[in-house]
């Protein structure tokens with residue numbers, strides 16, 4: 001790993017497992033392990049239920065078993081019927097197409113409480129969107145949803161394309177509005193929803209979105225201490241003579 005020595009100093013438990021793995025194949029982007037550990041570590045040693053779409057060769061299922069400990073249960077989902085043979089103690093595998101909503105609904109009915117859902121499946125837009133819509137509400141109220149390999153939102157062969165309306169990246173941008181719906185002054189366009197009441201935070205990384213759930217209530221604000229200066233009312237802002245697009249402004253800042 002870049003910036004770390006051969007003895008694994010500084011590696012988290014998932015990175016150590018991956019570096020030493022001689023078992024079933026695991027294929028992950030290097031920076032994913034930090035993200036996993038940041039959001040999953042609180043579940044280590046608990047009776048956690050993990051659902052992972054995308055079994056592949058079964059290596060990650062074994063990695064999760066090692067990471068979360070003997071109380072965890074892993075549920076893998078894959079379209080490849082041969083993956084069924086990778087079942088083992090505390091690992092159950094379901095075969096089906098995650099784009100198929102009927103399959104997803106039947107899966108939801110068969111699964112216990114979901115603490116962590118990892119979408120590492122087929123990575124097409126319909127698969128990611130359908131899986132989110134059918135299963136996000138089935139995740140425990142303090143659970144975690146993680147969709148990885150979101151870079152396919154920019155790859156045409158997966159249905160992606162930059163700013164293409166029906167990609168998962170574009171779809172997920174609405175979550176920013178939903179989580180802030182408490183403050184909306186246009187209730188007919190943006191109102192508090194079940195997502196608003198259950199999503200605590202959004203975490204975007206290169207190719208990954210993590211949503212941490214928590215029961216949410218309308219935010220309130222408080223004041224303490226004694227005012228020291230008179231209240232100031234700034235003048236109304238003056239509209240610029242020429243408007244630049246967001247893309248142009250970002251290019252000026254970061255281009």
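Tally up the residues in the stretch 181-216 that are part of a loop (DSSP other than H, G, I, E, B) and closer than 25 Å to residue 146 by Cβ, please. Break it down stepwise before answering.
Initially, the stretch 181-216 is screened for residues part of a loop (DSSP other than H, G, I, E, B), giving 184-193, 206-207, 214-216.
Among the residues that remain, those that are also closer than 25 Å to residue 146 by Cβ are: 192-193, 206-207, 214-216.
Adding up the residues that qualify gives 7.
Kindly indicate which of 44, 24 is surrounded by fewer than 19 Cβ atoms within 10 Å (Cβ to Cβ), farther than 21 Å from residue 131 by Cβ and touching a residue at least 40 places away in the same chain (Cβ under 8 Å).
Working: 44 fails: touching a residue at least 40 places away in the same chain (Cβ under 8 Å).
Testing whether each residue is surrounded by fewer than 19 Cβ atoms within 10 Å (Cβ to Cβ), farther than 21 Å from residue 131 by Cβ and touching a residue at least 40 places away in the same chain (Cβ under 8 Å) leaves just 24.
Suppose the filter is buried (at least 19 other Cβ atoms within 10 Å of the Cβ), touching a helix residue (DSSP H, G or I) at 6+ places or on another chain (Cβ under 7 Å) and either over 18 Å from residue 147 (Cα atoms) or modelled with pLDDT of 95 or more (or both); does residue 33 pass it?
Working: buried (at least 19 other Cβ atoms within 10 Å of the Cβ): yes; touching a helix residue (DSSP H, G or I) at 6+ places or on another chain (Cβ under 7 Å): yes; either over 18 Å from residue 147 (Cα atoms) or modelled with pLDDT of 95 or more (or both): yes.
Criteria met by residue 33.
I'd like the full set of residues that are surrounded by 10 or more Cβ atoms within 10 Å (Cβ to Cβ) and either over 24 Å from residue 163 (Cβ atoms) or at pLDDT below 70 (or both), limited to the stretch 237-249.
Across the stretch 237-249, the qualifying residue is only 244.
Mind checking whether some residue in the stretch 207-219 is surrounded by 10 or more Cβ atoms within 10 Å (Cβ to Cβ), over 15 Å from the mean Cα position of the chain (by Cα) and under 30 Å from residue 126 (Cβ atoms)?
Looking for residues that are surrounded by 10 or more Cβ atoms within 10 Å (Cβ to Cβ), over 15 Å from the mean Cα position of the chain (by Cα) and under 30 Å from residue 126 (Cβ atoms), one finds at least one in the stretch 207-219, hence yes.
Select from the stretch 47-66 the residues that are in contact with a helix residue (DSSP H, G or I) (Cβ under 7 Å, 6 or more places away or on another chain) and either assigned to a loop (DSSP other than H, G, I, E, B) or surrounded by fewer than 21 Cβ atoms within 10 Å (Cβ to Cβ) (or both) and list them in ascending order.
48, 55, 58, 66
Please work out which residue is surrounded by the most Cβ atoms within 10 Å (Cβ to Cβ), limiting yourself to the stretch 163-206 and to residues that are out of contact with any strand residue (DSSP E or B) (no Cβ under 9 Å at 6 or more places or on another chain) and touching a residue at least 60 places away in the same chain (Cβ under 8 Å).
205
Can you tell me which of 151, 82 is outside any strand (DSSP E or B), surrounded by fewer than 18 Cβ atoms within 10 Å (Cβ to Cβ) and touching a residue at least 40 places away in the same chain (Cβ under 8 Å)?
151
Any idea which residue in the stretch 85-131 is surrounded by the fewest Cβ atoms within 10 Å (Cβ to Cβ), counting only those that are in contact with a strand residue (DSSP E or B) (Cβ under 7 Å, 6 or more places away or on another chain) and part of a helix (DSSP H, G or I)?
86
Do we have residue 134 as crowded, with 18+ Cβ neighbours inside 10 Å, in contact with a helix residue (DSSP H, G or I) (Cβ under 7 Å, 6 or more places away or on another chain) and modelled with pLDDT of 95 or more here?
Spelling it out, residue 134 is indeed crowded, with 18+ Cβ neighbours inside 10 Å, in contact with a helix residue (DSSP H, G or I) (Cβ under 7 Å, 6 or more places away or on another chain) and modelled with pLDDT of 95 or more.
The values are calculated or read from the model by the stated rules, or taken from the named source; none is laboratory data. Computed from a prediction, not measured in an experiment: that's the story for all the values here. Methodologically, a virtual Cβ is constructed for each residue, glycine included, from the backbone with ideal geometry; neighbour enumeration extends over all protein chains shown.
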